[in-house]
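Okay, structure first, notes after.
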Amino acid sequence: MQFETGIQYLDSGLKSALRGMRIESTYVGLTSENVMGFDKVGYQRKEIVNSSFAQFMGADALSTVVDDKVGRLVATSHPLDFALAQKGYFQIKGSEGIKMTRDGRFKLDKEGNLLSLDGEKVLSNVGTPIKLSIIPENIKDIKVNADGVITVLDSANNKMVKVATLGVVNADGLLVMHPEVKQGYNEHSNVSLQDEFMGMMGPLRNYDANRQMFMIENSVLSKTISQLGATS
């Protein structure tokens with residue numbers, strides 16, 4: 001007596017070709033998004049995680065992860081431009097709640113609130129909005145050290161006064177103790193255009209191969225249907 005077990009998966013060539021084109025289109029779409037984000041401050045490259053079931057489930061089996069490597073640091077002349085030389089995120093609070101960002105281009109309002117370019121409040125390491133108790137006449141009198149400690153010059157006493165500490169957290173929301181904040185810098189994306197264009201070649205070739213297979217299968221199927229109709 002012999003027992004045979006196993007799983008058999010039967011699928012038409014048309015479905016397989018369509019599924020393959022959808023998968024490769026997803027790859028190309030994400031690569032295009034990375035290319036578009038090349039010049040965006042704080043943009044982090046995204047990459048696709050390919051599940052072992054993608055062959056059967058198609059694009060629904062794909063997921064994306066964020067590449068959290070530090071991007072290109074570029075010096076600016078603005079004292080309220082901050083960049084992180086370590087992995088981590090600034091915390092800002094707006095109408096939609098608390099968000100994390102690598103974009104450290106901040107500004108001050110008339111009340112001394114530290115805001116993002118979109119007007120959202122920048123949070124401290126204790127989770128409260130940062131508000132300067134002393135509003136300097138010159139924003140160059142605002143200093144931030146590598147640990148994110150903000151100090152302002154008190155012109156009356158000619159002393160630097162601590163205001164708050166920037167709330168820098170990791171992807172899990174835990175505080176980063178030594179974020180290596182760089183004042184007067186912007187962090188551009190961590191996207192390499194050369195790598196993105198080279199990585200796009202494989203999906204484009206695979207897409208074209210699946211497209212050719214679809215056209216062949218469709219032609220054969222149409223011919224078969226036509227012959228069946230002629231003999232009936």
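The values are calculated or read from the model by the stated rules, or taken from the named source; none is laboratory data. Source: prediction; values computed, not measured. Every residue, glycine as well, gets a Cβ built from its backbone with ideal geometry; the counts of neighbours run over all protein chains shown. The protein model used for the area step is the full one, side chains on, heavy atoms only, and it has no ligands, DNA or RNA in it. Shrake-Rupley method; radii C 1.70, N 1.55, O 1.52, S 1.80 Å.
Mind checking which pairs have a first residue in the range 143-168 that is in contact (Cβ under 8 Å) with a residue 24 or more places away in the chain and within 16 Å of Asn113 (Cα to Cα) and a second that is surrounded by 15 or more Cβ atoms within 10 Å (Cβ to Cβ) and among the aromatic types (Phe, Trp, Tyr), Cβ under 8 Å, 6 or more apart or different chains? From residues that are in contact (Cβ under 8 Å) with a residue 24 or more places away in the chain and within 16 Å of Asn113 (Cα to Cα), the pairs are Val144/Phe82; Leu166/Phe82; Leu166/Phe90; Gly167/Phe90. Taken over the range 82-104, the criterion of being closer than 15 Å to Ala146 by Cβ and outside any loop (DSSP other than H, G, I, E, B) is satisfied by Phe82, Ala83, Leu84, Phe90. Take Ala17 and tell me if it is small (Gly, Ala, Ser) and open to solvent by 20 Å² or more (accessible area, probe 1.4 Å). So Ala17 fails the test. Residues in the range 93-119 that are farther than 19 Å from His188 by Cβ and either crowded, with 20+ Cβ neighbours inside 10 Å or of a type in the set (S, T, N, Q) (or both): Ser95, Asn113, Leu114. Within the range 134-150, the set of residues being open to solvent by 30 Å² or more (accessible area, probe 1.4 Å) and over 25 Å from Val176 (Cα atoms) comprises Ile134, Ile135, Glu137, Asn138, Ile139, Lys140, Asp141. Among the residues that make up the range 34-50, is at least one of them at pLDDT below 90, surrounded by 13 or more Cβ atoms within 10 Å (Cβ to Cβ) and out of contact with any Leu (no Cβ under 8 Å at 6 or more places or on another chain)? No, that holds for no residue. Only one of Leu153, Leu80 is of a type in the set (A, V, I, L, M, F, W, C) and open to solvent by 30 Å² or more (accessible area, probe 1.4 Å). Can you tell me which? None of the other options fit; the residue is Leu153. Residues in the range 177-205 that are acidic (Asp, Glu) and under 21 Å from Ser77 (Cα atoms): Glu180, Glu187.
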